[in-house]
Amino acid sequence: MTIPTRVQIKAAPKVLLHDHLDGGMRPQTVIELAEQQGYTNLPTTDPGELAKWFTRGADRRNLELYLKTFAHTVGVTQTAGALARAAAEAAEDLAEDGVVYAEIRFAPELHTGQGLALDDVVDAVVGGFETGTANAAAAGRRITVGALVTAMRTAARSHEIAELAIRHRDHGVVGFDIAGAEAGFPPSRHLDAFQLAMRENFHITIHAGEAFGLPSIHEALQYCGAERLGHGVRIVDDISFDPDGQPTLGRLAAYVLDRRIPLEMCPTSNVNTGASESYEAHPIRLLRDLKFRVTVNTDNRLMSDVTMTEEFVKSCNAFDWDLADMRWLTINAMKSAFWPFAERLALIDDIIKPGYAELISEAN
Ligand SMILES: [Zn+2]
């Protein structure tokens, strides 16, 4: 068991399923867009200071406080041009970091403040992903990006947003999600939206088990048709241990394990929001040992000051993971993507497995 170096981790093919567009912008871009649009609410116009401001604001051990920092990134992305730029840069930044497949999510209803129609928001973002993917390819980096359309769980537009997502399914949108404050806003509040997505054979992932516990996970899976869980960390509340340390799984935890439900885990973000006490104590270690289908994700690269490389540097060091662990986690993620099956398989066989084989043979 050798903990991989940062250089090896960056070079390794990585797959990202849980990343928010408005949580991953470049600080310089936030500042430039604010200038262009006459947005005067930024706390500073120095990129380094602004990055620190976001991280400080996010790292307060509370999901609601964490989410407050998004006012500025959302505030400067109210035009098609701004959205397209943010999306293109996200694709380029991820490709540069060695991510070969990403699903990036955004909430169209948050970007209509200056009159953009919901469909225009989706078109701008998907167009931006295409531009960013092409720019990355021109620089010799191959990345595939799918869009996830998110409805705000605290609002009442989820049915309309699910319809929107489905309308764009053949043009870059691969799934539907709900996000925002979790306590007091259970998934079942949006049952009609999820039932529509199910009836249309569309893909569903739900933020559940982050700031609220098992009932949220249960509803997401058994009422709302979630194929994956955003975070899902609180599933550990359904696992108990006997005095010898042997785990016993409750019915829900056993269901998640047996059905291979993917958990989109975001350890750094979970430490920021207080969903986990520390990185070392994060349940992903236990869940990986118990062979749950866990995946490693960034959530919000700007607010949590993290990249996929950095998330793996931290997790490999905290949990003694090696390149074989990284390969397992990456294949887990690729298997769980909402991209068509044949292309998922091709990414696993042609890019991910050979990429890790080369790194592992070089390391030996
Ligand atoms: Zn999230």
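Before moving on, here are some points about what is shown:
- Seen from every direction in turn and averaged, the convex hull around the alpha carbons of the chain projects onto 17.4 nm².
- Subtracting the Cα-Cα distance of Glu227 and Asn41 from 0.36 nm times their residue separation leaves 63.1 nm of extension gain.
- Sequentially through the stretch 270-276, phi angles give Karplus couplings (6.51, -1.76, 1.60; θ = phi - 60°) of 5, 5, 4, 8, x, 5, 9 Hz, Gly and Pro residues having no value and appearing as x.
- Amide H partners (placed H, <5 Å) of Cys224, local residues excluded: none
- Look at the alpha carbon pairs under 8 Å that are at least 6 residues apart: their mean separation over the length of the chain gives a relative contact order of 21 percent.
- Inter-part distance, the stretch 1-76 to the stretch 278-318, computed on C-alpha centroids, equals 17 Å.
- Across the stretch 175-187, rounded Karplus estimates of 3J(HN,Hα) from the backbone phi angles (6.51 cos²θ - 1.76 cosθ + 1.60, θ = phi - 60°) give x, 10, 8, 10, 8, x, 3, 8, 5, x, 10, x, x Hz, Gly and Pro being marked x.
- Restricting the calculation to Cα atoms, the stretch 295-364 yields a radius of gyration followed by a Dmax of 13.2, 37 Å.
No lab work stands behind these numbers, since they all come straight from the coordinates. It should be emphasised that the depicted structure is a prediction, and the values quoted were computed from it without experimental measurement.
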